[in-house]
Amino acid sequence: MTAPVIDAHHHFWDPGRAEYPWMAAPELAPIRKPYGPDDLVPLIAAHGIDATILVQCRSSTAETEAMLATAAAHPFIAGVVGWVDLTAADVGARLDRLMAPKLVGIRHQVHDEGDPAWLSRADVRRGLAAVFARGLAFDLLVRTRELPAAVAAARALPQGRFILDHAAKPPIATGFDDVWAERLAALADCPNVWCKISGLVTEADWHDWDVDRLRPFVEHAVRLFGPGRLIFGSDWPVCLLAAEYGAVKAAAEALLPRDAFGANAVAAYRLFRAQPA
């Protein structure tokens with residue numbers, strides 16, 4: 001059976017109903033407005049997407065609960081990557097309250113933490129172990145600075161499934177970076193890590209990018225992770241700062257192997273598994 005075509009990374013939000021601190025920068029004003037299922041459905045229909053994964057964008061269990069309700073009401077959403085306080089003493093109980101058929105992973109904005117070794121903290125590792133014990137994946141939202149701690153976490157928790165968001169946000173606008181490249185290679189050596197090729201158009205110059213500007217970074221990731229551990233994500237609506245949905249997908253199609261558009265997301269997030277009666 002052919003795997004569905006999956007956009008494994010997008011968001012919904014409404015700044016009129018909740019605060020998104022990362023959205024305060026003046027240059028983000030164009031996307032500081034509500035985006036929801038009715039906005040995305042025509043785009044995925046037009047560009048051959050069968051299913052999606054909805055990803056958290058603020059540190060809030062209330063947002064996660066709302067995303068799960070949205071996913072339950074919209075069949076095209078195959079999975080939700082939510083949030084929980086990994087450092088909470090009762091993190092297991094908090095996860096248990098969130099567990100739902102479409103909850104497939106947890107994410108935290110690690111790159112916003114002051115400590116670049118945040119992922120190495122004992123309380124964070126305990127939280128990650130609780131995530132993996134419940135069959136969930138963990139999305140790594142890190143930049144070059146946090147990659148060493150991400151590598152250490154992946155090695156320390158080999159039973160876990162880690163999905164690196166946005167290829168660790170390489171500095172595309174300023175040129176190829178050897179430190180990013182070397183640290184990404186160390187993470188790729190961990191067989192329990194997948195890499196999302198997502199969010200790259202907004203790491204490039206928003207007004208002057210093309211496929212060839214992205215190519216060195218994506219080709220490096222392809223060499224490291226191989227065809228079986230790469231995953232496509234649009235990062236919509238953040239991507240709209242630099243490109244329309246169709247342009248993002250077309251760029252990915254020019255650079256990525258076929259399995260990145262569905263089969264790998266199914267494996268990494270364990271999508272479409274039958275739920276217990």
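What follows is calculated from the coordinates using simple rules that are stated; it is not laboratory data. Predicted, not measured: the structure shown is a model, and the values here were computed from it. Cβ sites come from the backbone with ideal geometry, for glycine too, and all protein chains shown count toward neighbours.
Residues Gly175, Gly160: which one is under 24 Å from Arg213 (Cβ atoms) and small (Gly, Ala, Ser)?
Gly175
What is the one condition in (1) touching a helix residue (DSSP H, G or I) at 6+ places or on another chain (Cβ under 7 Å); (2) in a loop (DSSP other than H, G, I, E, B); (3) not polar (S, T, N, Q) that Asp208 does not satisfy?
If we test Asp208 against (1) touching a helix residue (DSSP H, G or I) at 6+ places or on another chain (Cβ under 7 Å); (2) in a loop (DSSP other than H, G, I, E, B); (3) not polar (S, T, N, Q), just (1) comes out false.
Taking Leu147 and the conditions (1) closer than 26 Å to Phe12 by Cα; (2) crowded, with 19+ Cβ neighbours inside 10 Å; (3) in contact with a helix residue (DSSP H, G or I) (Cβ under 6 Å, 6 or more places away or on another chain), which numbered condition does it fall short on, given that it satisfies the others?
Condition (1) is where Leu147 drops out.
Being touching a Pro at 6+ places or on another chain (Cβ under 6 Å) and without any contact (Cβ under 8 Å) to a residue 60 or more places away in the chain is true for just one of Pro216, Pro227. Which residue is that?
Going through Pro216, Pro227 in turn, the sole match is Pro227.
Filter the range 8-24 down to residues that are touching a Lys or Arg at 6+ places or on another chain (Cβ under 7 Å) and assigned to a loop (DSSP other than H, G, I, E, B) and give me whichever is nearest to Gly199 (Cα to Cα).
Here the residue is Tyr20.
Where residues in the range 42-66 are assigned to a strand (DSSP E or B) and of a type in the set (Val, Ile, Thr), which of them is farthest from the chain's Cα centre (by Cα)?
Top of the filtered list is Thr52.
Taking Glu203, is it among the charged types (D, E, K, R), out of contact with any strand residue (DSSP E or B) (no Cβ under 6 Å at 6 or more places or on another chain) and surrounded by fewer than 16 Cβ atoms within 10 Å (Cβ to Cβ)?
It is false that Glu203 is among the charged types (D, E, K, R), out of contact with any strand residue (DSSP E or B) (no Cβ under 6 Å at 6 or more places or on another chain) and surrounded by fewer than 16 Cβ atoms within 10 Å (Cβ to Cβ).
Taking the condition free of Cβ contacts under 8 Å to residues at least 40 places away in the same chain, among the aliphatic types (A, V, I, L, M) and assigned to a helix (DSSP H, G or I), does Ala69 pass?
Considered against the rule, which asks whether it is free of Cβ contacts under 8 Å to residues at least 40 places away in the same chain, among the aliphatic types (A, V, I, L, M) and assigned to a helix (DSSP H, G or I), Ala69 comes out as yes.
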